[in-house]
């Protein structure tokens, strides 16, 4: 599992790509393979007649549960979906594994926890013919074109994160004396 350090959270609140309005996005990118991150982005695209190649959602908007009608729109469009656990401020190996599986064939990923950071995972793994779309509350949508630049940015984020797998693999080799770690 990767943990987002506190100093990196402020950086991740800034748009990771071009900020625009949904109509502008549809005009420019509507025919591409779209990876929609977030419930409202997914629903907005569906309401405009565009089914994202891949949708990532958690049945929440701004930490509030979706209305039944909104939830049904996603469920009806993506009746089959994968599920991944992803606690807040983390990127789990499970999330990354499911993302890699879906990037090949498309579909949907329901995230139990926080889906926002999956953007970084998809920036790292998505092929060049894809575009990632996520919402920037009260400002519009953010468009990340999948290319060398976005992959480089994603890799730089992963380097800044704490990889708990590396930490946990050290634990068996630590020494204990009288019940205390030394």
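The values are calculated or read from the model by the stated rules, or taken from the named source; none is laboratory data. All values reported here derive from a predicted model rather than from experimental measurement. Counting neighbours? That spans all protein chains shown, and the Cβs are built from the backbone with ideal geometry, glycine included.
Regarding residue 80, is this residue free of Cβ contacts under 8 Å to residues at least 40 places away in the same chain, closer than 19 Å to residue 128 by Cα and surrounded by fewer than 20 Cβ atoms within 10 Å (Cβ to Cβ)? Against the criterion (free of Cβ contacts under 8 Å to residues at least 40 places away in the same chain, closer than 19 Å to residue 128 by Cα and surrounded by fewer than 20 Cβ atoms within 10 Å (Cβ to Cβ)), residue 80 does not qualify.
For residue 36, the test of being in a strand (DSSP E or B), touching a helix residue (DSSP H, G or I) at 6+ places or on another chain (Cβ under 9 Å), crowded, with 18+ Cβ neighbours inside 10 Å and without any contact (Cβ under 8 Å) to a residue 40 or more places away in the chain is failed. For segment 67-114, a residue qualifies if it is part of a loop (DSSP other than H, G, I, E, B), at pLDDT 95 or above, under 12 Å from the mean Cα position of the chain (by Cα) and under 26 Å from residue 47 (Cα atoms), but none of them does. Selection of segment 122-145 for residues being closer than 12 Å to residue 18 by Cα and surrounded by 23 or more Cβ atoms within 10 Å (Cβ to Cβ) yields 131, 132, 133, 134, 141, 144.
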